[in-house]
1. Between A:Leu228 and residues 5 or more places away or on another chain, which pairs have amide H atoms under 5 Å apart, with H built 1.01 Å from N, and which residues are they?
2. Just the number, please: carbon plus sulfur as a percent of the accessible area of the stretch A:447-547, 1.4 Å probe, no ligands or DNA/RNA counted.
3. Using a probe radius of 1.4 Å on heavy atoms only, what accessible surface per residue do you get for the stretch A:598-765? Whole Å² is fine.
4. Whole number please: convex hull volume per residue, Cα atoms of the stretch A:248-330, in Å³.
5. Could you sort out which of A:Lys218/A:Lys741; A:Lys451/A:Lys742; A:Lys325/A:Lys357; A:Lys552/A:Lys594; A:Lys224/A:Lys742; A:Lys212/A:Lys382 sit more than 32 Å apart by Cα distance in this structure?
6. Cβ under 14 Å from A:Ser625's Cβ, A:Ser625 left aside: what net charge do those residues give with Lys, Arg +1 and Asp, Glu -1?
7. Enumerate the amide H contacts of A:Asp221 below 5 Å, restricted to partners 5 or more residues apart or on another chain; note that Pro and chain-start residues carry no placed amide H.
8. Between A:Trp214 and A:Glu344, what FRET efficiency comes out of the Förster formula 1/(1 + (r/R0)^6) with R0 = 35 Å and r the beta carbon distance, rounded to 0.05?
Amino acid sequence: MKLEKEKQDRREKKKKSKHSSRDREKDSELNGKHKPSSKMKQSDSQSGVSSFSSAVNCEAGAGDTHEDVKVDPDERNDGQQKSGSPEINNNNQEKTRSKSTKQRHNHQERTADEQLCDEDENLRSQSSRDSNQVQADDGPQCESVKMKKKKRVKEEKSPEKHDKNPPSGRKRKKSSSEHDKAEKNKKMKKDGDPEEKKKEKGKKDEESDKWKWWEEGKSSDTQKWSSLEHKGPYFPPEYEPLPDNICFNYDGQPVKLSPVTEEIATFYAKMLDHEYTSKEVFQNNFFCDWREEMTKEERKLIKTLSKCDFSQIHKYFVEKSEERKNMTKEEKQVLKEEASRLMEEYGYCLLDGHREKIGNFKLEPPGLFRGRGEHPKMGKLKKRIQPEDVTINCSQDSKIPAPPAGHRWKRVQHDNTVTWLASWLENIHGRPKYIMLNPSSKLKGEKDWQKYETARRLKMKVDSIRKQYRRDWTSREMKIRQRGVAIYFIDKLALRAGNEKDDESADTVGCCSLRVEHITLHRRLDAQEHVVEFDFLGKDSIRYYNKVPVEKQVFKNLKLFIKHKDPEDDLFDRITTVKLNKTLNESMPGLTAKVFRTFNASTTLQDQLNKLTTEGMTVEEKILSYNRANRAVAILCNHQRAAPKTFERSMQLLQEKIQKKKEQIEEAKKELKEAKKAHKDAPSDKSKKLLEKKEKAVQRLGEQLKKLQLQETDREENKVIALGTSKLNYLDPRISVAWCKKHQVPIEKIYNKTQRDKFAWAIDMTDENFQF
DNA sequence: TCACTAACTTAGGACACAGGGC
DNA sequence: GCCCTGTGTCCTAAGTTAGTGA
């Protein structure tokens, strides 16, 4: 509870801090534009800020120590550290600090631009160098923006074009869940089977039936479809009460719960094995929400979670899970067919006459919310979604999906400016959730393609943007300096934008929401100068830890940004993601912070592939090169995963295999030597054949060994890196397709079936000469 | 300008299942 | 035929961004 309170205090303080910064931005910008730097002091004191300044002076000591907090620990050793360390300050100074923070910030903001003026003296030489660069760049920049605008207008096409595609009415077979290897093996095994041949033919027909929307030109940005028909969402099955012999116990006594209370109890019981249920926040949230759903009597009786015994229920579900695993082939087949039937019925929609796969046609079942990281809402009850909660979106003239018997939809709308089919409000955060199309659909594919095209446009523009943010590092205005450094981080380190977050989510940050405590400045570290050490939790509470040498001016700016701030203060207190994106959009239409991630990821892949692939490599070696290039991107984007639970064991097994293979090679070499000798002593056809056989065996074993060793390297390097995220979201698929074509690597080795479906547009349109 | 929201993309973990090895 | 393992798929949380109205 104390922690939460502290967190809340900090957030309130942060909010105030940003607000007061914004108020003063007006002043500082005016000053910057109309007044010489020497007058800025006057201007500020005239605006009545001086009274705050005296308040700050009263606590000059505290101010000094706060400044120390941001300094390199190496420097803290010079006697500055102790009074400034947050651990020491936290308890006894907390009240004073929270009272004075706003005042200190006011002082800081008043003096920030004054400091910049002083700094400018030191930086003048660099400024002049930068301004030369600006002049060289400004002209073409404006021109290109105009050109792009013109081009965009031209690209807008009439949505009516969809009407040219009559509804096909064809039904597709389910194919996306099939695995590549399975397909291949099946084909090999049953090559002569006429049934199989029929299936293969069906698949081929299906391939040729695929909607090549990318050949039809770009559709309207606002109107997403002309006609949309679907069956509505699939509702999860109703709750099945526990058998009578399974008891919930309270304080050692069996208690028969009402169905609603029992259902929620099962949510908790199912999770007992999980670490979640050991967390206090989870327990409290669960218990609180659970009690709300209880009957009066139950609430009166069940007052303490620790007296609740869910073990029988837990055991029951473990057994059920085992039973499911041990089902016979036939039983499993029945389930599979049922799933297939559901998919057929609910899994597709008809969009502009084309059958498109839906991404998530099943509504989320009720359960307990599992936030990631230290989420304050973990354990809360995710309620069952009723048809009355669901809004349906489809075209007016379509067959409106029927709600489950005895129910009504919340609303039926016909909005073709959005892509979703159904939506509802989830009860944890009160945010909308949607049923949308699968990534293989036209709507998603076209957007994806557009995303990579924007990133490619950035490639043309990035030099001038880089020059601009470098110029900003020496601006007279604090907010512009901060913006310049923030964009530099986003570009150089592929950081996310970092929106402000509410109190009701995990404390994670991105670039704009970085706090002073997330960086440490090292004037010198590991033989490198001006190193910034980042340590923070990013999206999904994944830790970002990186030590990066930065340019001297960035380092100086960072020192300035953290001056007079507490560890929990915003590093970039004068900027927001909205302002930052607005600036980026002015540099290039369509440019936002996240485009840099796509751009840098794709550029890295392209560069690495060019560097790491050489002719004469085997396919396996080329794949290793590809994975290494992919890995470089995943590292850049900080895509991490937990090491697989079986990692150590599987590596050990692989190493044993390698050892065994080496022994086999030794053995085979011996045999080869003997065969050579035998052939030399008594040459014959037989001995010659034997010799050749042995030579081939050695060669084959050598290849197998190499393959295993490559596998070992690949797996080791992939231990905690997730390649999938970047492959699916950041890497322009055309790079991979072109690379495969150029180096004769089967595309199946790089993309599985689902990925090939998603990137069908790229696979179809790209030739080997494509460069990002 | 700001807070708030809708709509969409990006993300990692859980889990099912194919298929290789024995 | 069974077991084990890695891969693919599903699930849904958690971001970003644009739009809106006060």
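The values are calculated or read from the model by the stated rules, or taken from the named source; none is laboratory data. This is a predicted model, so every value here is computed, not measured. Cβ: placed from backbone, ideal geometry, glycine included. Neighbour counts: every protein chain shown. These accessible areas exclude ligands, DNA and RNA; they are computed on the full protein's heavy atoms, side chains included. Shrake-Rupley method; radii C 1.70, N 1.55, O 1.52, S 1.80 Å.
1. A:Asp352, A:Ser395
2. Of the solvent-accessible surface of the stretch A:447-547, carbon and sulfur hold 43 percent.
3. Per-residue value: 56 Å².
4. About 105 Å³ per residue, rounded to a whole number.
5. Numbers: A:Lys218/A:Lys741 26 Å; A:Lys451/A:Lys742 24 Å; A:Lys325/A:Lys357 29 Å; A:Lys552/A:Lys594 26 Å; A:Lys224/A:Lys742 36 Å; A:Lys212/A:Lys382 40 Å.
Table pairs above 32 Å Cα-Cα are A:Lys224/A:Lys742; A:Lys212/A:Lys382.
6. Net of charged neighbours comes to 0.
7. Those lying under 5 Å, H to H, from A:Asp221 are A:Lys157.
8. On the way: r = 26 Å, r/R0 = 0.75.
Computed FRET efficiency for A:Glu344 and A:Trp214 comes out at 0.85.
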